[in-house]
Structures are given as structure tokens and as C-alpha cells.
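Structure, as C-alpha cells:
The values are calculated or read from the model by the stated rules, or taken from the named source; none is laboratory data. Computed from a prediction, not measured in an experiment: that's the story for all the values here. Here the Cβ positions follow ideal geometry from the backbone for every residue, glycine too, while neighbour counts run over all protein chains shown. For accessibility, only protein heavy atoms count, side chains too; no ligands or nucleic acids. Shrake-Rupley method; radii C 1.70, N 1.55, O 1.52, S 1.80 Å.
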Amino acid sequence: MVAVIGDVHGCFFTLTKLIEEVEKKYPQAEIYLVGDLVDRGKHSCEVMDFVAERKIKFTAGNHDYMFYHHFRFPYSTLAEAWFNNGAEFTLKSYENRFERINEHIDLIIKAPLFFNVEDCFISHAGISIFYKDLINEDVLKDDSKFAEILKEDLETDIGVLWYRGPLLNIGKLQVVGHTRMLEPRYVKDSNSLYIDTAAIAGNKLTAGIIEKNNIIDFVSVKTESADLY
């Protein structure tokens, strides 16, 4: 059993409250985050510290990659895109503790693009239908080969960081964030669950409880006002 949490976007108090609720109700569930830990909310640094301290597994999202590229590859496309996507709020959260940035970037670099676990397939934006001819049974059984294919498109709008269109049915439940919904949304054709419930817009942060490709439950908490500007 896993608990997959949607996009956090610096909502530290909301995240810790949700995890507390999940652990009360489903103490056996392993916790995963679908990425976009940073940007837009007040507490990106605190979120990254908490994830590091608790060793919570996460896939890196497009916002995490933009943050990372700004400091390591400042002339890249992703770095240039960051200042239109919440950079100022993330930088503000690191005021007087810029020494934390390199440690947090290293954490993002080590994060996988997906988790292909027994209970489901977890990624940030999902596997696009454009991969239909590239992904077969052999690729689905080989995570390293799968990751190499996905890395080719990390800066494109069909890639696993940015895609917002129909997802490919890969034969198991895909759990994704990135595309905001007011409520979790299951799409039968692609066997996919959208779990980003717009915490940063003041709605709520949600965890999907998944077991062996079945959606068991949802646990949500309303966004804490202390996390928002």
C-alpha cells in the first residue's frame, strides 16, 4: 500500500498536516510525492528540509528541475523559464540560509523520474500517448531503459515533467500530479489518477491511497493559510 501526495509547492504546514493524517489512518502506507515540492508557496526550503529529514520518496517535477537548472545550468531553457514560474518565492524562502540550496539540489538530482512500484506507477506529469511506439513490454520491465527514453524529452511539452494531454495506458495505474484538479480525478481510458488538487491555489492537498493498482481512499487537508502569500 502506498500514499501518493500531489504537488506541494512550498506548502510546508499543509504537507506536514496531511502526512500526520495519512499516518494515523494508514500507518502501513509508504509515502510518495509526485514532485513540484518548491515554488509559489512560502516554505520551499522547509519542505525540502522535511523531505530530506524524513527520507520521503519523491519524483522531481518541472518546478524542481527549473530550480535545480537555475543554479547548475543557468543558461538552459529550464533555468530561463524559472523566473516566470515562482522563482522569487522560492528564493525568499532561502533568505539567510542559502547554504541549504546545494544540498536540496543534490536531493532533486538524485530523485527518479518515476517509481514503478507494485501498487502503481508514479510520475510527475505522466507518460504521454506520444510514447506509444517507443514503450513496449520489455521497456516497461526495465526501469533504466524506460528512464533513458524519458530523459530525451525533459524540456519538451510531451515529456514526463510538462505533459498535460491524454496519457498512455501502460497496463497499470498511473498516479500523476502537474495538472490541477479541484478533486482527484480518475481517467478510465488511460487508467490514470490525477492527484494535484491545487493546494497552492488555496484548495487542498491530497493523498491517494493505492493498493495493487486499486484506489482505496483519499485523504485531504485544506491548504493552511500560513503557506500562502
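For the reader, a short list of remarks on this structure follows.
- Within region 179-210, the set of residues being of a type in the set (D, E, K, R), touching a strand residue (DSSP E or B) at 6+ places or on another chain (Cβ under 9 Å) and open to solvent by 70 Å² or more (accessible area, probe 1.4 Å) comprises ARG180, GLU183, ARG185, ASP189.
- Of all the listed residues (LYS110, LYS188), the sole one being modelled with pLDDT of 95 or more and under 30 Å from ASP49 (Cα atoms) is LYS110.
- Close Cβ contacts (under 7 Å, 6 or more residues apart or on different chains) running from residues in region 54-80 that are of a type in the set (Lys, Arg) to residues that are outside any loop (DSSP other than H, G, I, E, B) comprise LYS57/TYR32; LYS57/PHE115; ARG72/ILE105.
- Number of the condition not met by GLY61 [criteria: (1) open to solvent by 10 Å² or more (accessible area, probe 1.4 Å); (2) over 16 Å from LYS204 (Cα atoms); (3) in contact with a Gly (Cβ under 9 Å, 6 or more places away or on another chain)]: (1)
- Qualifying residue in region 34-57 (condition: open to solvent by less than 30 Å² (accessible area, probe 1.4 Å) and among the acidic types (Asp, Glu)): yes
- Residue count for region 180-194, restricted to those that are closer than 20 Å to ASN62 by Cβ and part of a strand (DSSP E or B): 4.
- The residues in region 26-48 that are in contact with a strand residue (DSSP E or B) (Cβ under 6 Å, 6 or more places away or on another chain) and either modelled with pLDDT under 95 or basic (Lys, Arg) (or both) can be counted, and the count is 0.
- Leading residue by the ranking (surrounded by the most Cβ atoms within 10 Å (Cβ to Cβ)) among those in region 117-127 that are over 14 Å from the mean Cα position of the chain (by Cα) and farther than 11 Å from SER192 by Cβ: ASP119
- Every residue from region 36-50 that is more than 20 Å from ALA198 (Cα to Cα) and in contact (Cβ under 8 Å) with a residue 40 or more places away in the chain: ASP49
- Region 138-178, subset closer than 24 Å to ILE108 by Cα and among the small types (Gly, Ala, Ser), residue most open to solvent (accessible area, probe 1.4 Å): SER144
- Candidates ILE105, ILE135, filtered to the one that is surrounded by 15 or more Cβ atoms within 10 Å (Cβ to Cβ), at pLDDT below 95 and either β-branched (Val, Ile, Thr) or assigned to a loop (DSSP other than H, G, I, E, B) (or both): ILE135
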